[in-house]
Amino acid sequence: MRIALLLLLTLLNCSKEETGSPSKPDTALATPFASNASNITDNSFTANWVLVPKAESYLIDVSTSNSFSTFVTGYSGLEQSATTVEVTGLSSGITYFYRVRAKQGTEITNNSNVITVTTTGVQAEDPTYLKDKANTLANPFFVGVAVKANQLTEGSSYDVVLKNEFSSITAEYEMKMNPISTGSGSYSWEAVDKIVNYGNNNGINVHGHALVWHNAVPDWLSNFSGTDAEFALEIKKYITDVVTRYAGKIKSWDVVNEAVDDNGNMRNTIFLQKMGSNYIKDCYQWARDAANAAGDTNLLLFYNDYATSTNIPKQNKVFTIVDDLMTSNLIDGVGFQMHNTYLSPTKEQIETDINRAVVLGLKIHVSELDIQVNQNNDITYLTEERSLAQKEKYKEIVNIYNALPEANKYALTVWGFKDNESWIPYSTDLNHPGNDWPLLYNNKFELKKAHTGFLEGLD
Ligand code: G3I
């Protein structure tokens, strides 16, 4: 028995000697364990972790990146002795990350696990003005918006937003033939004058939309009783009078809009029927002649259409028309309307489409940008998920446009201000089945994530 006891004591003594320091206590600090945040508000939260025996203090890191590449001001190795810390001065709706180390004397442990926490409230969107950021680019371009004359009253909310955010305007309706042309040689200029004067007086580019469009034929021309030749003369007269009146004031015109149908054929419009297959070239020639006669040799003539990124037969026909116009130097740019959805077209489809104009050395106008998020009517309000998807799609197309060569840049125009004023919700033209929120500002004229996406596309 005594031998066994002696043997046991010897073994214990050896085990201590194996450690090399039989009397020295184990002082290695344990790495802390961080636990979930508490007291989360719009701009603060409490970070928590488990006490580490023998720790004299803790070092806390807080970041908006889980790689801790940057730190929230004041929270980079913040040292304190308690096992919680109130993290303050934060932004609402933002995701933060924190971790902690224990310290005793000069000994500091490794980092703890990382805790993720998102402050409450809605993240305030970046208030940077779109044109301000666009104008800082190496190759800037116009940031445009579709307007109505009655929005342009001095001091109106539209007037304020427009002058802050945009550098180009397109009339959503009032520069079309049907509101202007009241009869042969008679015109209603008031709304057009207001829009043109607003742009010219405020250093804002004015894009003319659209001289010839089958959806904007005034009744007196739809019911025209004269010969086809007389009809053609009326169109020539209209184009000549409008282009002449605004020579030097309107910088670019959609001379013909949507001349190609969804099957990739010439759309069977009243213009094709009465003026023949050369009508497009005739219209561009009349516009060019009128501008030159008025001394405006800088007027840019555009062809404008929709869905060419996804409808290849249509895309091919459009570029057949564009090629033909180019042979006579009658076209300077192509307008891609871009009435898109949060799912379509893809980046590759858009780039393939637009690049066909880039290689021709033409100006590119993304002319009527809006991005539907409810084309299938499966939501009843703008969900966070669709809002983020829309933001990414705005960012994507702005990024595509921003990457264009300088020679091809002209303008990127969004088709309206507030969601509830967009043509899209419940649109019969579009067969849209429900509500939608396609633009950059919500119904209260507040910035949406889409506006932030536009800004990020300019990076
Ligand atoms: O201003 C009149 C008002 O006085 C009248 O009481 C009322 C009822 O008839 O009509 C008002 O005009 C309407 C106009 O928008 C202004 O709001 C027209 O009826 C209506 O047809 C017109 O719709 C425009 C549509 O083109 C047709 O011109 C949309 O706002 C506009 O977003 C839409 O834009 C087109 C582009 O030009 C071409 N690409 C497709 C795009 C969407 O259809």
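The values are calculated or read from the model by the stated rules, or taken from the named source; none is laboratory data. Because the structure is predicted, anything quoted here is derived from the model rather than measured. Because the Cβ atoms are built from the backbone with ideal geometry, glycine has one as well, and the counts that use them run over all protein chains shown. To get the accessible areas, we keep the full protein, side chains included, count just its heavy atoms, and leave off ligands, DNA and RNA. Shrake-Rupley method; radii C 1.70, N 1.55, O 1.52, S 1.80 Å.
Taking other residues whose beta carbon is less than 13 angstrom from the beta carbon of R245, and scoring Lys, Arg as +1 and Asp, Glu as -1, yields -2. Taking 16 Å as the straight-line reach from the Cα of K449, the aspartates and glutamates in range (excluding those fewer than 8 positions away in the same chain) are E125, D126, E165, D370, E384, E385, E392, E396, D419, D436, D459. For the residue pairs K317/K347; K131/K236; K249/K347; K176/K274; K274/K347, alpha carbon separations beyond 30 Å are given by K131/K236; K249/K347; K274/K347. Only helical DSSP H runs with n ≥ 4 go in: add -39500 (n - 2.57) per run for the chain, normalise by residue count and round the 222 nm mean residue ellipticity to 500 deg cm²/dmol. Calculated from helices alone, the mean residue ellipticity at 222 nm is -10000 deg cm²/dmol.
Ordering H207, H214 by accessible surface, largest first, gives H214, H207; the 1.4 Å probe counts only protein heavy atoms, with every chain in place.
Seen against the Cα atoms of the chain and their longest principal axis, helix 190-201 is set at about 50 degrees.
For segment 414-439, the residues whose amide N sits under 17 Å from a probe point set 7 Å from the Cα of T380 along the beta carbon direction are 426, 433-437. Per residue, the convex hull spanned by the Cα atoms of the chain measures out at 216 cubic angstrom. Charge tally for E56 (other residues, Cβ to Cβ under 15 Å; Lys, Arg +1; Asp, Glu -1): +1. Grab the other residues whose beta carbon is less than 14 angstrom from that of G434, score K and R as +1, D and E as -1, and report the net. That works out to -2. Sequence-distant contacts, meaning Cα pairs under 8 Å at least 6 residues apart, place the relative contact order of the chain at 11 percent. A straight chain from Y187 to L233 at 0.36 nm per residue would run longer than the Cα-Cα distance by 15.0 nm. Derived value for segment 350-459: Kirkwood hydrodynamic radius 14.7 Å. Basis is the mean of 1/r over every pair of different alpha-carbon atoms. For the chain, the longest principal axis of the alpha carbon atoms and the long axis of helix 228-245 meet at an angle near 60°. With the convex hull drawn around the C-alpha atoms of segment 40-165, the volume per residue stands at 153 Å³.
Between S92 and K249, residue separation times 0.36 nm minus the direct Cα-Cα distance comes to 52.0 nm.
Sparse packing (at most 13 other Cβ atoms within 10 Å of the Cβ) combined with a DSSP loop state is found for the following GluC sites (Glu not before Pro) in segment 115-223: E154.
So how tilted is helix 2-19 from the main axis of the chain? Cα-based, degrees 0 to 90, rounded to 10. Taking the Cα atoms of the chain, the angle to 2-19 is about 40 degrees. Applying the criteria of a DSSP loop state and at most 13 other Cβ atoms within 10 Å to the chymotrypsin sites (Phe, Trp or Tyr not before Pro) of segment 350-409 yields Y381.
Please work out whether segment 366-413 counts as rounded, prolate or oblate from its C-alpha gyration tensor, where a ≥ b ≥ c are the square roots of the eigenvalues and a/c under 1.5 means rounded, while otherwise a/b larger than b/c means prolate and anything else oblate? Judged from the Cα gyration tensor, segment 366-413 comes out prolate (a/c at least 1.5, a/b above b/c).
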